[in-house]
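Structure first, then comments.
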Amino acid sequence: MLLGLGAAWLIMFIYVVLIMLRERKLRKELDRVRRMVENPNK
Amino acid sequence: MFLRQVWTVAAKDLHSELRTKEAWNASIAFSVVILLLFAFAFDPSSEQIREFGSGLLWMTYAFAGALVLNRSFARELQNDCLDALIASPVSSAALFVGKALANFTMLFAVELFSLPVFGLFYNTWPPRFAPLFLVMVLGTWALTIIGTLFSALTVNLRLRELMLPTLVYPMMIPVLIAAMTITTNVLAGNPMGFGMRFLVAFDIIFTLLAVVFVDTVLVG
Amino acid sequence: MREKIIIGLAIFAAGLLAWNMNTIFTQLPDELNQGAIYRIIYFHVPANILGMSGFGLGMLLSIGYLVTKDLRYDALAASVTEVSLVFASIGLATGSIWARIIWGVWWAWDYRLTSWLVCWLIFGGYLMLRRAVDEPIQRARFAAVVSVLGTVNAYISYKSIEWWNTQHPQPVLSIRNGGGMAPGMEAPIWWNLLALACFSAILVMVRMRQEAFAREIDTLRRMAHAQ
């Protein structure tokens, strides 16, 4: 039983971690591109 | 008018294939290799072969089909032929049906070739031809109609050769199940069952869906 | 505003989940035939319901995109499908573990398991396809077509695999056949469904915001190239 519920929570947890990693990556990328547009010489 | 356009596209495809025979040679060789490999996975001399033999047969067809289907739209990439075809007065539905017809003919030819090989290797020769051909026609049409649509969808993608099988095989599962069950019955000499009606319904539904969606896929 | 909704929903979902866990583990007795393991049902069933309705919703949203050509529908469809795939994975994993203990096998080739796996594969392909296309409008078009065909196909698979012998228990929930479970045991399933639904709504909202980020990045990139 614990195995089953553990698996359920684990999958959920992995997904949340993945989504957070992606969030961070996207924000970084957004910052980079914004700076690139505002200051194209750099 | 529509039929003439369909015919032109199909004839063009078959013509260029006949000239090079790239896809045919590859998929015929491939299907023989697969049939040989299956012989090591299962005991081909056992009586059970009658039960799962049809499964092997249809898996061979599905694998060989991927080779044919992969080439179908990819062939038009050189010299931007695909853009020219889309821009031509041929409607995308006619283009699609023509391509599907050409693919069907090619795949069916490959199947006709590998059927006696299967019969020889797995000791199921001669089968009852009339019902078997009926299943093969219906099942192959279902495989090609799905495959041709996804071939159009994946043609411009990175990793086209990988994306097509991953998308197409799950979609082919209902057809393969039905075709395998009917073929098992045919090989065992039993009545075909109601799977035939299922195949006909599947063919009609997916032909309609594909014709509806092909414009979205090709033109947008 | 969106942040507030997300946080509010998160608090609500967490509270409801905690309360459910309490009911499930401390209030309810073990089931007569299966013992403690039956408690998996409180995740297995809601996760699968959410997965299934999510794929259906994804198809409707894809049709919405094809009709309106509004990319927000596409972003929502992608988010919903992705979250549904997570819940489908949970359903498959919990089901497999449950099957191991009750049926003695990790995987029974039952029609519901098999067609659910087919469904999982189809929508896994959907997400892979989205990654393989760079151009947003083309991606939306292709994904919508795959979603619609995939949903139709998943239903047909379900029906066609049904011919095979089946081992999965018939539905025990009261909406189908008047209920095969003790009354106190069924309610937590619905409460958990609500909690997980809130949770999935949060995930979808976060995913939507990410899609918006991705769109913005795309526009900015274009501007940068145009300069």
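The values are calculated or read from the model by the stated rules, or taken from the named source; none is laboratory data. None of these values were measured; they are calculated from a predicted model. Please note: Cβ atoms are built from the backbone with ideal geometry, for glycine as well, and neighbour counts cover all protein chains shown. Heads up: the accessible areas ignore ligands, DNA and RNA and are worked out on the full protein's heavy atoms, side chains in. Shrake-Rupley method; radii C 1.70, N 1.55, O 1.52, S 1.80 Å.
The table for this structure:
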item	result
B:Met171 being within 20 Å of B:Asn25 (Cβ to Cβ), touching a helix residue (DSSP H, G or I) at 6+ places or on another chain (Cβ under 7 Å), touching a residue at least 24 places away in the same chain (Cβ under 8 Å) and buried (at least 24 other Cβ atoms within 10 Å of the Cβ)	no
Pairs with Cβ under 9 Å, 6+ apart, first in the stretch C:146-165 and more than 9 Å from chain B (Cβ to nearest Cβ), second modelled with pLDDT under 75 and not in a helix (DSSP H, G or I)	C:Asn165/C:Trp109; C:Asn165/C:Asp110
Condition met for B:Thr144 (buried (at least 21 other Cβ atoms within 10 Å of the Cβ), at the interface with chain C (Cβ under 9 Å from one of its Cβ atoms), of a type in the set (Ser, Thr, Tyr) and touching a residue at least 12 places away in the same chain (Cβ under 8 Å))	no
Sole exception among (1) away from chain A (no Cβ under 14 Å); (2) at pLDDT 90 or above for C:Leu127, by number	(1)
Test: residue in the stretch C:19-37 that is more than 12 Å from chain A (Cβ to nearest Cβ), modelled with pLDDT of 85 or more and in a helix (DSSP H, G or I)	no
Some residue of the stretch C:18-29 being under 26 Å from A:Leu3 (Cα atoms) and touching a strand residue (DSSP E or B) at 6+ places or on another chain (Cβ under 6 Å)	no
Number of positions in the stretch B:158-168 that are at the interface with another protein chain (Cβ under 8 Å from one of its Cβ atoms) and either under 13 Å from the mean Cα position of the chain (by Cα) or open to solvent by 20 Å² or more (accessible area, probe 1.4 Å) (or both)	3
Residue in the stretch C:51-67 that is outside any helix (DSSP H, G or I) and touching a residue at least 12 places away in the same chain (Cβ under 8 Å) present	no
Hits in the stretch C:88-140 - residues which are open to solvent by 30 Å² or more (accessible area, probe 1.4 Å) and not in a helix (DSSP H, G or I)	C:Trp103, C:Gly104, C:Val105, C:Trp106, C:Trp107, C:Trp109, C:Asp134, C:Glu135
Per-region count, the stretch B:185-220, residues open to solvent by less than 30 Å² (accessible area, probe 1.4 Å) and not hydrophobic (A, V, I, L, M, F, W, C)	3
Some residue of the stretch A:25-41 being under 26 Å from C:Ala36 (Cβ atoms), within 17 Å of the chain's Cα centre (by Cα) and among the aliphatic types (A, V, I, L, M)	no
Condition broken by B:Val137, with the remaining ones in (1) open to solvent by 40 Å² or more (accessible area, probe 1.4 Å); (2) more than 9 Å from chain C (Cβ to nearest Cβ); (3) over 24 Å from B:Ala102 (Cα atoms) satisfied	(3)
Test: B:Val68 is under 11 Å from B:Thr148 (Cβ atoms), open to solvent by 10 Å² or more (accessible area, probe 1.4 Å) and in a helix (DSSP H, G or I)	no
Failed condition for A:Glu23, given (1) loosely packed, with under 14 Cβ neighbours inside 10 Å; (2) at the interface with chain C (Cβ under 7 Å from one of its Cβ atoms)	(1)
Selection within the stretch B:110-138 - touching a Phe, Trp or Tyr at 6+ places or on another chain (Cβ under 7 Å) and small (Gly, Ala, Ser)	B:Gly119
Output for the stretch B:200-214, where each listed residue is in contact (Cβ under 8 Å) with a residue 12 or more places away in the chain and facing chain C (nearest Cβ under 10 Å)	B:Phe202, B:Phe206, B:Ala210, B:Phe213, B:Val214
Which listed residue, of B:Ser114, B:Ser92, is buried (at least 17 other Cβ atoms within 10 Å of the Cβ) and either at pLDDT below 85 or more than 21 Å from B:Val137 (Cα to Cα) (or both)	B:Ser92
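Rundown of residues vs (1) open to solvent by 20 Å² or more (accessible area, probe 1.4 Å); (2) at pLDDT 90 or above; (3) under 18 Å from the mean Cα position of the chain (by Cα), yes/no style:
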site: B:Leu77; (1), (2), (3): yes, no, no
site: B:Leu85; (1), (2), (3): yes, no, no
site: B:Val97; (1), (2), (3): yes, yes, yes
site: B:Phe104; (1), (2), (3): yes, yes, yes
site: B:Thr124; (1), (2), (3): no, no, no
